[in-house]
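Right, one structure below, let's go through it.
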Amino acid sequence: ADTIGQLRVAASWSYPADQPWGSHWDTDPLWSDSEMTIEHADATYTRQEKIKLIASHPLAHKHLRVCWENLARTGNCCRCAKCVRTMLSFHVCGTLEKFSCFPEQNNLAARLDAIPYLSESLHGPGYVQLAEIEDPELHAAMERLLKRKPAKGIRRRIKKWFGR
């Protein structure tokens, strides 16, 4: 609070896709206090729409960081689901090759095939993304990803951990 007086939290989901997640427009401002204001960034746009908005920005080409797994010291690992889905979105926009922040851009279909599965909450956005993929090999790889399910017992353990 001594250095930052205002913090904007990026929207995880758009307003129509409202669901509980790490950030939310109803709860983010509740973290504010007299020294620092916390705001939730506009949730008008979907993830795909946001990607299209930044696809041509040179600053994003060099510095965009989406990886949450921190598998690479340099930023994006180019292997986790979030990195690969983001790379796929920029590929669909025709700008992936400009993104030096994704150093390993080859074999995108193989990278999709290496993702074990997508959580059910990401299936809706996954199908939106699938509809935009024109490359037959990438389309097939994304379809395969959407069909994969977690290993047996994983769902039960997750539900147990979270009391569901």
Some residue of the range 67-84 being in contact (Cβ under 8 Å) with a residue 40 or more places away in the chain, among the hydrophobic types (A, V, I, L, M, F, W, C) and crowded, with 18+ Cβ neighbours inside 10 Å: yes
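Can you find a residue that is outside any loop (DSSP other than H, G, I, E, B) and either β-branched (Val, Ile, Thr) or modelled with pLDDT under 90 (or both) anywhere in the range 70-80?
Of all residues in the range 70-80, those outside any loop (DSSP other than H, G, I, E, B) come to 72, 75.
In the following step, the residues that additionally are either β-branched (Val, Ile, Thr) or modelled with pLDDT under 90 (or both) were identified as 72, 75.
Yes, that holds for at least one residue.
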Residue match in the range 1-13 (condition: modelled with pLDDT of 75 or more, open to solvent by less than 60 Å² (accessible area, probe 1.4 Å) and more than 20 Å from the chain's Cα centre (by Cα)): yes
In the range 14-47, the residues that are over 14 Å from the mean Cα position of the chain (by Cα), hydrophobic (A, V, I, L, M, F, W, C), assigned to a loop (DSSP other than H, G, I, E, B) and closer than 23 Å to Val66 by Cβ: Trp25, Ala41, Ala43
Residue check, Gly94 out of contact with any Phe, Trp or Tyr (no Cβ under 7 Å at 6 or more places or on another chain) and more than 24 Å from Asp135 (Cα to Cα): no
Which listed residue, of Arg157, Arg65, is closer than 26 Å to Tyr15 by Cβ and at pLDDT below 95: Arg65
Residue check, Phe90 among the aromatic types (Phe, Trp, Tyr), part of a helix (DSSP H, G or I), open to solvent by less than 80 Å² (accessible area, probe 1.4 Å) and in contact (Cβ under 8 Å) with a residue 12 or more places away in the chain: yes
Residue that is modelled with pLDDT under 95 and open to solvent by less than 40 Å² (accessible area, probe 1.4 Å), where the choices are Asp33, Asp28, Asp42: Asp28
Test: residue in the range 103-114 that is in contact (Cβ under 8 Å) with a residue 40 or more places away in the chain and either surrounded by 15 or more Cβ atoms within 10 Å (Cβ to Cβ) or more than 13 Å from the chain's Cα centre (by Cα) (or both): no
Any hit, the range 98-113, residues being in a helix (DSSP H, G or I), more than 25 Å from Ala60 (Cβ to Cβ), at pLDDT below 90 and not small (Gly, Ala, Ser): no
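The values are calculated or read from the model by the stated rules, or taken from the named source; none is laboratory data. The structure displayed is predicted, hence computed values, not measured ones. We place every Cβ from the backbone using ideal geometry, glycine too, and count neighbours over all the protein chains shown. Surface accessibility is based on the protein's heavy atoms, side chains included, excluding ligands, DNA and RNA. Shrake-Rupley method; radii C 1.70, N 1.55, O 1.52, S 1.80 Å.
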